[in-house]
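This report concerns only the one structure given below.
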Amino acid sequence: MFVAATVSLGLLLTACGGGIGEDSNDRGGGKAREDNGFPAPAPARPTAPPDTGRGTDQGYEGDERKGELRETAPPADYLSTFALDVDTASYGYARRTLREGRRPDPSTVRPEEFINSFRQNYERPDGNGFTVTMDGARTAAPEENFGEESPGEENRDWRFLRVGLATREAEDDGERRPAALTFVIDVSGSMAEPGRLDLAKQSLDVMTDRLRDDDAVALVSFSDEARTVLPMTRLGDHRGRVHEAIDTLEPTDSTNLGAGVETGYRTAVDGLREGATNRVVLLSDALANTGETDADAILDRIADARRAHGITLFGVGVGSDYGDALMERLADKGDGHTTYVSGAEEARKVFCDELPRNIDLTARDAKAQVSFDPETVDQFKLIGYDNRQVADEDFRDDRVDGGETGPGHTVTALYAVRVKPGARGHVATATVRWLDPSTRVPHEETGRVEAGALDGPLWTTTTARSGLQVTAVAAYFADALRGGTLPGSPPLRELARHASALAATTESTAINDLSDTITQATTLTPS
């Protein structure tokens, strides 16, 4: 919300194998501190009253007031605090839905997951933790490439401000810690649909061959009940045993997801390996219809296993009908993240190319806090992260849940910021705080950005190379699917042309897929 002062099966079976641009402006470094007289973020100011409306889209009262605050906007606090999120399932599921000729339900569209589906070339740290990169651009710059009119006087002072966080690159496979993975596989009747259980089994077979000898795997299946198909088994010479267990999985009966997760964590605790990355991987369409179906109640049952043993959850969604809300809640509150796969290529990417970042950890309970300068900023809006908000005063309370990240991740937060006319100097300071995954010792890193870094136009070759443009396109696309009105938002067909030009400039397969997806959306009437 706005506040004053204020993202073919054949391919799967092939052998397992970036960034999109140059480094951005204003790199940050060092601990949270006072810098040039303006304080780094700190939990000192009260939080604004909670929004009672529709998430982050409540800043406007309609298209005719695009870019203006509502009269009922809460008082200024200059702080924005949220838990980090590396989920991408919302974008993956939206792509699947649009390919099938349907607009996604707006409630399943989470802008931060669209934004974070595109890996950025931010500078990376040498060890665990994060670097902080901040840059931006005007949202109302003239559209010279396409001959469009300027978005209007009401958007003249709006900017996009991007806060980019990056973890270290994934180590070579032989250098990472061993993994102990408990796979919890949905074998309910709904998983019989092509592209569900069959895809999960193919993925597991490929990943079993990809893992190292000192990794270990357990297998739990669930339908109306849950059972341990394979206890924790060190791969070594036992890969055949794992493949045989995978072959036994067949769809049947109802979806007791709660029983599956509970049994999965019990199996993970029984097979716990000291010095390894212990993780539960849930593969499901998340259409729970029997037993416990409430995410918080399911998580309560496994709370001790999560807290005492540090076992994290990775959710992999499948299926044309998908329980998005349940899977996302489980991952967010289960110290993990989610993704969505609809085909063999996506599955190969998740279980092969991106395996290290999906199973290893570089930070626990990570939170970010952005402090805006009241001398230069009139308004700001965090785009997305609606259900990842953290009270400002809880930023440095390490008992408050944050987000978990692995090696090779980038996390992007995009703000719409209305600067004061003629503003110069400091605009914002961003601090990320996290716990070391092994020692639980807290660390912080800080960056800052000046007004001059936000003055350039958005639609340029420079922003295409830096990755800022794909961040903006993804944010505008998600906002359009939710019926929102971000400052300077182009019509969907205009956005499709921007995406097409960006794909040509970057020669990126991922951005070309985004362009195709936006074009598909232009052919469909909003539901």
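The values are calculated or read from the model by the stated rules, or taken from the named source; none is laboratory data. Values in this document were obtained by computation on a predicted structure and should not be read as measured data. Here the Cβ is made from the backbone with ideal geometry for all residues, glycine too, and neighbour counts use every protein chain on show. Just so you know, the surface numbers come from the protein's heavy atoms only, side chains and all, with ligands and any DNA or RNA stripped out. Shrake-Rupley method; radii C 1.70, N 1.55, O 1.52, S 1.80 Å.
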Next on the checklist: Of the residues 227, 212, 196, only one is modelled with pLDDT of 95 or more and of a type in the set (D, E, K, R); which?
Outcome noted: 227
Checklist entry - Within the stretch 265-281, is there a residue that is among the acidic types (Asp, Glu) and within 22 Å of residue 355 (Cβ to Cβ)? => result yes
Checklist entry - Just checking, how many residues over the stretch 106-133 are farther than 21 Å from residue 171 by Cα and either surrounded by fewer than 21 Cβ atoms within 10 Å (Cβ to Cβ) or in contact with a Cys (Cβ under 6 Å, 6 or more places away or on another chain) (or both)? => result 3
Item to check | residue 137, sole failed condition from (1) modelled with pLDDT under 95; (2) touching a Phe, Trp or Tyr at 6+ places or on another chain (Cβ under 6 Å); (3) not polar (S, T, N, Q) | outcome: (1)
Item to check | Enumeration of residues in the stretch 405-418 that are touching an Asp or Glu at 6+ places or on another chain (Cβ under 9 Å), open to solvent by less than 10 Å² (accessible area, probe 1.4 Å) and not hydroxyl-bearing (Ser, Thr, Tyr) | outcome: 406, 407, 408, 411, 413, 414, 417
Checklist outcome for this item: Quick count over the stretch 319-331, residues being open to solvent by less than 10 Å² (accessible area, probe 1.4 Å) and either aromatic (Phe, Trp, Tyr) or at pLDDT below 85 (or both), is 0
Item to check | helices (runs of 4 or more DSSP H) completely within the stretch 168-287 that count 3 or more residues being among the acidic types (Asp, Glu) and open to solvent by 20 Å² or more (accessible area, probe 1.4 Å) | outcome: 197-210
Item to check | Qualifying positions in the stretch 361-392 - open to solvent by 10 Å² or more (accessible area, probe 1.4 Å), in a loop (DSSP other than H, G, I, E, B) and within 25 Å of residue 128 (Cβ to Cβ) | outcome: 361, 390
Next on the checklist: Suppose we filter 203, 223 for residues that are of a type in the set (Gly, Ala, Ser) and within 15 Å of residue 182 (Cα to Cα); which single one remains?
Outcome noted: 203
Checklist outcome for this item: Selection over the stretch 335-362 where residues are at pLDDT below 85 and among the aliphatic types (A, V, I, L, M) yields a count of 2
Checklist outcome for this item: Selection over the stretch 393-404 where residues are crowded, with 21+ Cβ neighbours inside 10 Å and modelled with pLDDT of 95 or more yields a count of 1
Checklist outcome for this item: Expected single match for within 18 Å of residue 327 (Cα to Cα) and either modelled with pLDDT under 95 or crowded, with 24+ Cβ neighbours inside 10 Å (or both) among 91, 78 is 91
Checklist outcome for this item: In the stretch 363-376, anything of a type in the set (A, V, I, L, M) and modelled with pLDDT of 95 or more is listed as 366, 368, 370
Next on the checklist: Could you go through the stretch 313-328 and let me know if any residue there is touching a Phe, Trp or Tyr at 6+ places or on another chain (Cβ under 8 Å), farther than 13 Å from residue 90 by Cα, of a type in the set (D, E, K, R) and not in a loop (DSSP other than H, G, I, E, B).
Outcome noted: no
Next on the checklist: For the list (1) farther than 30 Å from residue 308 by Cβ; (2) open to solvent by 30 Å² or more (accessible area, probe 1.4 Å), I need the number of the one condition that residue 443 fails.
Outcome noted: (1)
Checklist entry - If you take the residues in the stretch 461-499 that are in contact with a strand residue (DSSP E or B) (Cβ under 8 Å, 6 or more places away or on another chain), assigned to a helix (DSSP H, G or I) and not small (Gly, Ala, Ser), which one is surrounded by the fewest Cβ atoms within 10 Å (Cβ to Cβ)? => result 494
Checklist entry - Residues in the stretch 164-181: is at least one in contact with a helix residue (DSSP H, G or I) (Cβ under 7 Å, 6 or more places away or on another chain), modelled with pLDDT of 95 or more and more than 28 Å from residue 369 (Cβ to Cβ)? => result yes
Checklist entry - In the stretch 500-514, what count of residues is obtained for those that are open to solvent by 40 Å² or more (accessible area, probe 1.4 Å), part of a loop (DSSP other than H, G, I, E, B) and among the small types (Gly, Ala, Ser)? => result 0
